[in-house]
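A short worksheet on the structure shown next.
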Amino acid sequence: MKKNNLLLTGLVLAITIGFSSCEATEEVVCNTDAAYDAYLSSVSKFSNNPTKSNCNNMKSKARDFISKAGACGGIDTSAAQRSINSIDCSDF
C-alpha cells in the first residue's frame, strides 16, 4: 500500500510539474528536459526495484527537477517540495 502511495505521489508530481510550462526570456533559458528525464528514470527504477537507495535517488532527482523548474520563474514549487519531503524511504 505504501508503495502505491509513493508511486502515486511521484506520478502526480511528474504530471503537475511536467506539464507546467516555463516562459523563456532572453535572459533566462528554461530547459528542464534532462532533469525531468532523470526523475522519470528514477521513478521507473524505484518502481521496478523498491529499495531504500532507489527511493532516496528518486527523491534526489525530484528535488533537482523541482529546483530547475522553479528557476524558470513563475512557478511556485513549495507544494512540490513539501510532497517530496513527505516521502518516507525508511520502510524500504
Worksheet item: Can you pull out the residues in the range 60-92 that are among the charged types (D, E, K, R) and either surrounded by 17 or more Cβ atoms within 10 Å (Cβ to Cβ) or over 13 Å from the mean Cα position of the chain (by Cα) (or both)?
Response: LYS61, ARG63, ASP64, LYS68, ASP76, ASP88, ASP91
Worksheet item: Within the range 21-38, is even one residue of a type in the set (S, T, N, Q) and at pLDDT below 80?
Response: yes
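The values are calculated or read from the model by the stated rules, or taken from the named source; none is laboratory data. Given the structure is predicted, the values throughout are model-derived calculations rather than measurements. All Cβ positions, even for glycine, are placed from backbone atoms using ideal geometry, and neighbour counts span all protein chains on display.
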